[in-house]
Amino acid sequence: MGYYAEISAGYNGLHAEEQAEKARIILDGLPVSGLLLDVGAGTGISTMIFEGKAECIALDPCIELLRQYGGVRVVGRAEQLPFKSGSFDCVVSVTALHHCDVAAAKKEILRVAKEGAPVGISFFKRAKNFPLAKRLFAGSRAVDSAKDAIFLLQRVNVR
């Protein structure tokens, strides 16, 4: 996470407006309540959009970014979420999953989400792994934003 640690002080200036816009699209498209996990939350720009609707936990692998968020913070990676299965009433990720193994991240997100939990994922359309993300989230409702595709779905029992 060297790059994000280096730019952490100026991250909000670079990304606040677009991250907040994508979080609002997710908020408008999903019933958000209960305990929410924001995967790849960075400085908590998107997490703060969901506060007031849900009890939020911000997760990111970069401690320098997370230190800027005043709420509950957890250092961790999308591919190995440090939570019990079925822990969350809602899971979101705003423009973060293109940095990881998206198939492993999706599996982990669905594992920690309760059955029926809404899941909102925005994914950078110019990322090399965007075609894979489109396949993995096929069947979900997709909303197009300027730089991202936003996938809105509900976790179903996958047994």
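The values are calculated or read from the model by the stated rules, or taken from the named source; none is laboratory data. As the structure is a computational prediction, the values presented were derived from the model and not from experiment. For neighbour counting, all protein chains shown are included, and Cβ atoms are generated from backbone atoms with ideal geometry for every residue, glycine included.
Here is a list: GLU115, GLU108, GLU51. Which entry is crowded, with 18+ Cβ neighbours inside 10 Å and either acidic (Asp, Glu) or more than 21 Å from GLY34 (Cβ to Cβ) (or both)? Let's see the steps before the verdict.
Details: GLU115 fails: crowded, with 18+ Cβ neighbours inside 10 Å; GLU51 fails: crowded, with 18+ Cβ neighbours inside 10 Å.
None of the others qualify; the one that does is GLU108.
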- Query: Quick one: which of PHE151, PHE123 is surrounded by 17 or more Cβ atoms within 10 Å (Cβ to Cβ), part of a strand (DSSP E or B), touching an Asp or Glu at 6+ places or on another chain (Cβ under 9 Å) and of a type in the set (Phe, Trp, Tyr)?
  - Reply: PHE123
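Test GLY86 against the stated conditions and say whether it is over 15 Å from the mean Cα position of the chain (by Cα), free of Cβ contacts under 8 Å to residues at least 40 places away in the same chain and at positive phi. It would help to see each step written out before you state the result.
Numbers: over 15 Å from the mean Cα position of the chain (by Cα): yes; free of Cβ contacts under 8 Å to residues at least 40 places away in the same chain: yes; at positive phi: yes.
In short, yes.
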- Neighbours by Cβ (under 9 Å, 6+ apart or cross-chain): first from region 104-128, farther than 11 Å from ARG155 by Cα; second aromatic (Phe, Trp, Tyr) and part of a helix (DSSP H, G or I): PHE123/PHE130; PHE124/PHE130
- Query: Out of region 118-159, which residues are among the polar types (S, T, N, Q) and within 22 Å of SER33 (Cβ to Cβ)?
  - Reply: SER122, SER140, GLN154, ASN157
- Message: I'd like to know if region 105-119 contains one or more residues that are part of a helix (DSSP H, G or I), within 16 Å of ILE150 (Cβ to Cβ), among the aliphatic types (A, V, I, L, M) and modelled with pLDDT under 95.
- Response: no
- Note on the structure: Across region 126-148, the tally of residues that are part of a strand (DSSP E or B), more than 23 Å from CYS56 (Cβ to Cβ) and either in contact with a strand residue (DSSP E or B) (Cβ under 7 Å, 6 or more places away or on another chain) or not charged (D, E, K, R) (or both) stands at 1
- Regarding SER93, is this residue among the polar types (S, T, N, Q) and either surrounded by 23 or more Cβ atoms within 10 Å (Cβ to Cβ) or assigned to a strand (DSSP E or B) (or both)? yes
